[in-house]
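The values are calculated or read from the model by the stated rules, or taken from the named source; none is laboratory data. Source: prediction; values computed, not measured. Counting neighbours? That spans all protein chains shown, and the Cβs are built from the backbone with ideal geometry, glycine included.
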Amino acid sequence: MARFLCGVMGDAWGHVHEALALTEALRGHEFLFVGGGRALELDRTGFAVHEVPVPGTVYADNRVDALATLRRALVAAVIREFETDLVLSLYEIVTAVAARRAGVPCYSLDHQHLLTHCSFGRPPGQAGSRWGLSLSMRLLYSWPRSYLVHSFFPVTPLLPDRTEVFAPLLSPRLEEIAPTRGDHVVIYQTSPTFRALVPALARLSGPCRCYGFGERPPAGAVTFHRFSRERFLADLSSCRYLVANGSHTVLSEALHLGKPVLAFPIAGAYEQFVNARMLRELGYGDCSLASDPGPELFELFEQRLPEYESRLTGGEFHGTARLAARLEQLADRNRSDRLQSPPRRQ
């Protein structure tokens, strides 16, 4: 049995769902999570969570943020006490630095680092948000030993000795689902800016089931549902298509289930912009930056559904088994190295 310590960025649900996918794929191993925000929800699933508030920058008023420094020291102590075999950073800032302090190798596991560590047919546009995100990632996430990148679109590592590429990290449960085709559309959005799209969706001819805004009265064809993971996957696996932002996790879930996606990436979120544009490039769906689209956008998308569905056939959108095997290999190697090394001076 290996011991995995995972730092989880808790500003959104995507990394939390990825963390849960790891626990499902690596049953029989021990997990300890570090994070804040929505990462604390992992405690409800029976896993131990060491709370670290979701940090912004480690500097404040041009001075070193003492609280951030303290957080790193505390996490380093947790890493040592847990006798960790493998530290993973799911786009979480503190963990990699704390692991280095504890003398334990850390591996980055996320989708975002393909933007800085891989080459691909990068779509034009959004130069400001692109360079801003790339700079912050290089400044804040430069500590891992190597990078494990997962993606629904093909990328090539810039430094193959430090970067490995996998198909998306998704729950193993998705492989047990047999998709069907109903008459409804699933909407998944968590950004308040998306509310402007609701009137356009309300005019669609078929039913739309919306997750992300909580329960509220229907708006035309749109019904609003409290988020339930089980119900969401049931609706997603039986829908005609998905309308979402550019979140890699939910896009990959839809693609794995053979569902085309119409994406409306959040303005200024470069990673979402890339994901949405790659949907279009690969013929898996389409995207739009419009905040108030007309009905013709949805009509054209629905006309092309057979084309999108055919492009999804045979795609590799679930890389969890291969990724889990690699993590077990790394944990075994690190445990062997740790047991053979002299005790580290505290």
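Details
- Checked against (1) modelled with pLDDT of 95 or more; (2) among the polar types (S, T, N, Q); (3) surrounded by 14 or more Cβ atoms within 10 Å (Cβ to Cβ); (4) not assigned by TED's automatic domain parsing to the domain that holds residue 103, residue 189 passes all but a single condition, namely (1).
- Test: residue in segment 152-172 that is in contact (Cβ under 8 Å) with a residue 40 or more places away in the chain, crowded, with 19+ Cβ neighbours inside 10 Å, polar (S, T, N, Q) and within 17 Å of residue 225 (Cβ to Cβ): no
- Of all residues in segment 179-211, exactly one satisfies the criterion of being part of a loop (DSSP other than H, G, I, E, B) and either among the hydrophobic types (A, V, I, L, M, F, W, C) or touching a Phe, Trp or Tyr at 6+ places or on another chain (Cβ under 6 Å) (or both), namely 204.
- Considered as a group, the residues in segment 195-240 that are touching a residue at least 40 places away in the same chain (Cβ under 8 Å) and of a type in the set (A, V, I, L, M) include one that is nearest to residue 12 (Cα to Cα), and that residue is 233.
- Residue 140 modelled with pLDDT under 70 and within 27 Å of residue 252 (Cα to Cα): yes
- The numbered conditions (1) surrounded by 24 or more Cβ atoms within 10 Å (Cβ to Cβ); (2) more than 30 Å from residue 317 (Cβ to Cβ) are all true for residue 77 except (1).
- Residue 44 of a type outside the set (Gly, Ala, Ser), loosely packed, with under 15 Cβ neighbours inside 10 Å and either at pLDDT 75 or above or closer than 25 Å to residue 325 by Cα (or both): yes
- Of all the listed residues (243, 261), the sole one being under 18 Å from residue 181 (Cβ atoms), hydrophobic (A, V, I, L, M, F, W, C) and without any contact (Cβ under 8 Å) to a residue 40 or more places away in the chain is 261.
- Entry remark, segment 10-28: residues being more than 20 Å from residue 82 (Cα to Cα) and part of a loop (DSSP other than H, G, I, E, B) number 3 in total.
- Among the residues of segment 91-136, the ones that are in contact with a His (Cβ under 7 Å, 6 or more places away or on another chain) and either hydroxyl-bearing (Ser, Thr, Tyr) or modelled with pLDDT under 85 (or both) come to 1 in all.
- Just one of the listed residues (305, 282, 262) is crowded, with 19+ Cβ neighbours inside 10 Å and either touching a Pro at 6+ places or on another chain (Cβ under 9 Å) or under 26 Å from residue 17 (Cβ atoms) (or both), and it is 262.
Let's see how each residue does on (1) over 22 Å from the mean Cα position of the chain (by Cα); (2) assigned by TED's automatic domain parsing to the domain that holds residue 335; (3) of a type in the set (Val, Ile, Thr):
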{"residue": "75", "(1), (2), (3)": "yes, yes, yes"}
{"residue": "78", "(1), (2), (3)": "yes, yes, yes"}
{"residue": "83", "(1), (2), (3)": "yes, yes, no"}
{"residue": "87", "(1), (2), (3)": "no, yes, yes"}
{"residue": "90", "(1), (2), (3)": "no, yes, no"}
{"residue": "96", "(1), (2), (3)": "no, yes, no"}
{"residue": "100", "(1), (2), (3)": "yes, yes, no"}
{"residue": "110", "(1), (2), (3)": "no, yes, no"}
{"residue": "116", "(1), (2), (3)": "no, yes, yes"}
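- Segment 192-209, residues that are crowded, with 17+ Cβ neighbours inside 10 Å and under 28 Å from residue 112 (Cα atoms): 194, 197
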